[in-house]
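One structure is given here, and the rest of the page talks about it.
The values are calculated or read from the model by the stated rules, or taken from the named source; none is laboratory data. All of these numbers come straight from a predicted model, not from anything done at the bench. Virtual Cβ from ideal backbone geometry, glycine too; neighbours counted across all protein chains shown.
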Amino acid sequence: MKMMVSMGRGGSGKTSFVALLTKHFIETRNYPMLLVDADPDQNLGEMVGIDLEEKGHKTISELMIETFLENGGTTVGIPPSERMEGMIWKKGLYEGEYFDLMAVGPKWIEGCYCLPDAALKGALSRLTKSYKYIIVDSPAGLEHINRKITSEVDDIFDVIDPSKKSFDHVKRAYRIAKEVKINFKNFYVVGGNRFPEISGEEVERRTNQKYLGKIAYDKNVEEFNLSGKSLLKLPPSSPAYLSIKEIMKKAGYP
Ligand SMILES: Nc1ncnc2c1ncn2[C@@H]1O[C@H](COP(=O)(O)OP(=O)(O)OP(=O)(O)O)[C@@H](O)[C@H]1O
Ligand SMILES: [Mg+2]
């Protein structure tokens, strides 16, 4: 089982990358996968064609409210996050043919994300099924790295946009991941669709990390996302999808 995490600044293309990755793994028969939408402003579900709410599933934040506010949360003695874990597997998990999906969701009440994060962390450390890949789509920025939803990661993919800020982001993200002791094997940089065709050497010089190449600009991706259509339905000749194949090959994936 391999754990992968997307990172990057706002709008760099993280979620599209995760959706395209999912399509790639389905087509190369590398499943079952678990997709985790760790972005409160969730949209991974939409990009892979799953409406959790419509399918009767709750986000982790919703389950938290249900457990502790609506039902009183009276199970004395059991840490709150453990009370939630079972709920996540029972009520939060969408189970599909190729992949399962769960989402952290927006927290409509005041306070930090400590509890939903702890519950998610607990659930991920005690998986109820065996997955080939677990892919976590992160919110933009750096804050979520400190929250450390996962401590064991195989590959981090930092999707960058064309700005100096993005290069700085990579350095900071790497440093925080190290500082908070996320145990990762590889930290990769991926150029988002707006990233220029500059040499891999230059990207690596400016970020100190391995560069896997860029995701091609793809009119289809833009249109599918605009209309809320699943990226899994992109034609196999789609430029963005083809670049994902190259990128993953460079990272040693099938
Ligand atoms: N390969 C691509 N070609 C063209 N447009 C793309 C491509 N990838 C992403 N986009 C567009 O860029 C925008 C941002 O994409 P996406 O939501 O994947 O980024 P993100 O990094 O997850 O954003 P956020 O920080 O809000 O989570 C979307 O409008 C999407 O349609
Ligand atoms: Mg996103």
* Of all residues in segment 27-64, which are part of a helix (DSSP H, G or I), buried (at least 18 other Cβ atoms within 10 Å of the Cβ) and either touching a residue at least 60 places away in the same chain (Cβ under 8 Å) or of a type outside the set (Ser, Thr, Tyr) (or both)? -> Leu44, Gly45, Glu46, Met47, Ile60, Glu62, Leu63, Met64
* Asked: Condition test on Gly213, is it closer than 20 Å to Met248 by Cβ and at pLDDT 95 or above?
  -> yes
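Tally up the residues in segment 225-243 that are among the hydrophobic types (A, V, I, L, M, F, W, C) and either more than 21 Å from Ser12 (Cβ to Cβ) or away from ligand 2 (no atom under 16 Å from the Cβ) (or both), please. I'd like the intermediate steps shown before the answer.
At the first step, the residues of segment 225-243 found to be among the hydrophobic types (A, V, I, L, M, F, W, C) are 226, 231-232, 234, 240, 242.
Going one step further and asking which of them are either more than 21 Å from Ser12 (Cβ to Cβ) or away from ligand 2 (no atom under 16 Å from the Cβ) (or both), we end up with 232, 234, 242.
So the answer is 3.
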* Asked: Of all residues in segment 138-186, how many are at pLDDT 90 or above, touching a Leu at 6+ places or on another chain (Cβ under 7 Å) and β-branched (Val, Ile, Thr)?
  -> 1
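Filter the strands (runs of 3 or more DSSP E) completely within segment 75-169 down to those with at least 3 residues that are of a type in the set (Asp, Glu).
Working: elements: 99-103, 133-137, 152-160.
Here the list reads 152-160.
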* To do: Mind listing whichever residues of segment 225-254 are touching a residue at least 60 places away in the same chain (Cβ under 8 Å) and among the hydrophobic types (A, V, I, L, M, F, W, C)?
  => Leu231, Leu232, Leu234, Ala240, Ile244, Met248, Ala251
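Step by step: first the residues of segment 97-113, then only those that are over 17 Å from the mean Cα position of the chain (by Cα) and surrounded by fewer than 17 Cβ atoms within 10 Å (Cβ to Cβ), then the one that is nearest to Ile149 (Cα to Cα). Which residue is that? Write out each step before concluding.
In the first step, residues of segment 97-113 are kept if they are over 17 Å from the mean Cα position of the chain (by Cα); the result is 97, 107-112.
Within this subset, residues satisfying the condition of being surrounded by fewer than 17 Cβ atoms within 10 Å (Cβ to Cβ) are 97, 108-112.
Values: Glu97: 25, Trp108: 20, Ile109: 20, Glu110: 20, Gly111: 17, Cys112: 14 Å.
The qualifying residue nearest to Ile149 (Cα to Cα) is Cys112.
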* To do: Filter segment 133-153 down to the residues that are more than 16 Å from ligand 1 (Cβ to nearest atom) and surrounded by fewer than 17 Cβ atoms within 10 Å (Cβ to Cβ), then identify the one that is nearest to Met248 (Cα to Cα).
  => Glu152
* Would you pick out the residues in segment 208-224 that are in a loop (DSSP other than H, G, I, E, B) and either within 10 Å of Asn193 (Cα to Cα) or under 19 Å from the mean Cα position of the chain (by Cα) (or both)? -> Ile215, Ala216, Tyr217, Asp218
